[in-house]
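A short worksheet on the structure shown next.
Please treat every number below as a calculation from the coordinates, not as lab data. Predicted model, so just to flag it, every value in this text is computed and none were measured. Cβ sites come from the backbone with ideal geometry, for glycine too, and all protein chains shown count toward neighbours.
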Amino acid sequence: MLSWSYDDQKNQMANPFPFMPGRKSSIPLPWSTNVPYNPSSEDCGPKKIGSYYEAPKQKSEWRNAVGYENVDITPLPAHPTTNQLVQPCFVPSGMSTEPLNFPNLVTGFERNPQHAARAALYTRFTPMEWSQHCIATYNDSDTNRNHAERMRSEAVRLMRETHEKTSQGQRDAGRRLGERLTDITFWRNELNTELEALVAEAAQLTDTKRNVQKAIQDLEAPLHITQECLYHRENRKGIDLVHDHVEKSLLVEVDNLRSCQEKLNSCLSKINQQLSDLRSSQFQLEDDLTHKESAIGIDSVCHQLNNFSRGINYFGGIEKVDPTISTIGTWAASSSLNINRSQSERGKSAQLRSDAEALINACATSVWDCWSNTNNSLNRRASEVMEAKSKVQLHLHKVQQEIFDVEKHIEMIRKAINDKSNPLKVAQTRLEARAHRPDLELCRDNAHVRLVEEVCDIQESVGALQRKLQDAEAHHQSLLKTKSGLEGNLKYKVDALFIDREKCMGIRRSFPVNNTIKY
C-alpha cells in the first residue's frame, strides 16, 4: 500500500492543479513539458528496491494520519501491463515530436491507481477558489463604476474651473494693459519736460568760450623752470638721489601747471564736446519719445480688444515666441537712464560755465602757492644735506678708529691660537706615550681620563678662538665696506648740496610771471 506524507498533502493543497498555467508543483508529472518524466527519480513515484517499490514516507496534508503510513512495500507484478488503457495516447514509430499526453484517471500513465487518484486532485478547482473568483469579479465591477463616476464629476469641475480661469485671466490681462498705458504716459511726459530744459541749456552754453585764451600763455615760463630743476636734480648720485620733499614739491608743481594748462586748453574743447553731448542726449530723448508714442498707440488698441472685436484671429505657437528684448526693470531703467543722462549733461554744462570763470584765478593762486612751497622745500633740503654732510664726516672718523682697534684685536686672537699649540702637543704626546704600556698596565686610570679631557678642552678652546677670529675678520671687512660707503656718501652729499643751493635756487629766485592772472 502507498502512504502519503504530511508534506505531500501540504503541497497538494497549495497547488491542487499542477498542470494548469501559472501553477507550480514540486512533483513533475508525466505530461509536463518542463520536466521529463523519470520513473526512477526520487520525486516521481515509489522508489524501486530490488523487486519492490518503496513509497515515500510522508504525511497527507488534507487528511489525518490513520496509522498505516509506514506501510510502503508493494510487490511488483510478474509481467508489465501492455494494453492500450495504460497508454491511451499511442505514439507511432518515426514521429519527430512527442504528442501531448493527458492523465488517465483509471489506471494512470505508467503508475498504479494510487498515483492516478493523486493526479486527479491536481485537475480540479476548489469551491473556495470558485467563491473567491466570483467575489473578485463583483469587486472589479464596483471599482470600474466608481472610477467612471469620479471621472465624470472631475470633468465637470474642470470645465467650470477652466472657464473661470480664462475669464479671470482675460480681466487680469486687460488690467495689466491699462497699468502699462499709465506707465508709458508717465515716462512720455517726463521725457517731454526734460527735452525742453535740455534745449534751453544748450543755448546758454555757447556764451562761455572767450575767457580762457590769455591764461594759457602765462603758464609756459613757470613750467619750463620747474622742469629744468627736475633735470638738474636727476644728476644726483647714490643715496642722495632720493624722492625727497623738494622733488615731491617740484612734481606737484609740474602736475599743477600741466593740470592748469589742460584745464584751460580743454575748456574750449569741453564746451564744444559738451554741446555735442547735449545734442546726443537730445537725440536719445527724441528717439525714446517717438518709441513711447508708438507703444501708447499699440497698447491702446490691445486694451480695447474683446471677444467680439473684429480682426482677432488664431496665431498658432505665438505664445512660444519671445520677441521681447527687455524687462520691466530694464525698460524703466532705459528711460530713466536717458533722463538722468540729460540731467547730468545739463548739470555739467552749468558747472562748466561757472568753472570757466573761476578757473583762471584758481590757476594763478595754485601756481604761486606751489612756487613758494618748492622754494621753501629747497632751502630746508639744503640745510638737511649740510647737517648730514657733517654727520657723515664724524662717522667716517669713528669708523677709521674702529678699524684700527679691530685690526689690533685680530692680531691678539691669532697669538692666543698659536699659544695653544704647545699645550696641545704635550697632552697628545703623553697620550701617545702611555698607549705603549704593556699588558694590564694599559689601564684607563685617572691620568688617562684627565689627559683626554685636556686634549678636548684645548681643541674646544682653539675652535672658539677660531670662530672669534672669523667674526673679527668679518667685522673688519664690514668696517672697511662701511668706510668706503661713507666716503662715497660724503661725495654724493657735496654734489647734491651744490645742485640744490646753486643750480636750482639760482633760477628760482624771482617769479617769472610779473602780472597776476586775473580777469
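How large is the translational diffusion coefficient of the range 146-190 in µm² per second when you combine the Kirkwood radius over alpha carbon pairs with Stokes-Einstein at 37 °C and 0.692 mPa s?
Result for D is 247 µm²/s.
Could you list, in their original order, any pairs among K248/K481; K248/K398; K214/K263; K165/K320 whose Cα atoms are separated by more than 23 Å?
Going by Cα-Cα distance, K248/K481; K248/K398 fall outside the 23 Å limit.
Placing one identical point scatterer on every Cα of the range 319-461 and ignoring solvent, what is log10 I(q)/I(0) from the Debye formula at q = 0.12, 0.20, 0.22 Å⁻¹?
With one equal scatterer per Cα and no solvent, log10 I(q)/I(0) is -0.90, -1.17, -1.25.
How large is the charge dipole for the range 363-422, taken about the Cα centre, if only the Cβ atoms of Lys, Arg (+1) and Asp, Glu (-1) carry charge, to the nearest 20 debye?
It works out to roughly 120 debye.
Summing +1 for each Lys or Arg and -1 for each Asp or Glu, what net charge is found among the other residues whose Cβ lies under 14 Å from the Cβ of A435?
0
What span do the alpha-carbon atoms of the range 378-436 cover on each of the three principal axes, reported in whole Å from largest to smallest?
So the extents along the principal axes, rounded to whole Å, are 86, 15, 6.
Could you give me D for the range 292-363, from Stokes-Einstein at 37 °C and 0.692 mPa s, where the hydrodynamic radius is the Kirkwood radius over C-alpha pairs? Units µm² s⁻¹, please.
190
Out of the range 221-324, which GluC sites (Glu not before Pro) are coil in DSSP terms and have no more than 12 other C-beta atoms within 10 Å?
The qualifying sites are E234.
Classify the range 158-271: rounded, prolate or oblate, from the alpha-carbon gyration tensor (a ≥ b ≥ c, eigenvalue square roots; a/c under 1.5 rounded; otherwise prolate if a/b is larger than b/c)?
It comes out oblate by the Cα gyration axes.
Just check the range 412-519 against the gyration tensor rule for me: Cα atoms, a ≥ b ≥ c as the square roots of the eigenvalues, rounded for a/c under 1.5, and otherwise prolate or oblate depending on whether a/b exceeds b/c.
prolate
Would you list, by chain and number, the aspartates and glutamates whose Cα falls below 17 Å from the Cα of K425, excluding same-chain residues fewer than 8 positions away?
Within reach: E453, E454, D457, E460.
Across the range 249-296, how large is the tail of the calculated P(r) beyond 12 Å, expressed as a percent of all Cα pairs?
When all Cα pairs of the range 249-296 are counted, 72 percent exceed 12 Å.
Rounded to two decimals, what is the ratio between the C-alpha radius of gyration of the range 253-405 and 2.2 N^0.38 Å?
Compared with the compact-globule rule of thumb, the range 253-405 sits at 2.33.
Which Cα, out of F404, Q343, S366, lies furthest along the positive dipole direction of the range 280-418 (beta carbon charges, K/R +1, D/E -1)?
F404
Let me make sure I get this right: for the range 205-319, a, b and c are the square roots of the gyration tensor eigenvalues over alpha carbons, sorted descending. Under 1.5 in a/c it's rounded, otherwise prolate if a/b > b/c, else oblate. Which is it?
Because a/c hits 1.5 or more and a/b exceeds b/c, the range 205-319 counts as prolate.
Assuming R0 = 35 Å, what is the FRET efficiency of R160 and A197, from their Cβ-Cβ distance, to the nearest 0.05?
0.05
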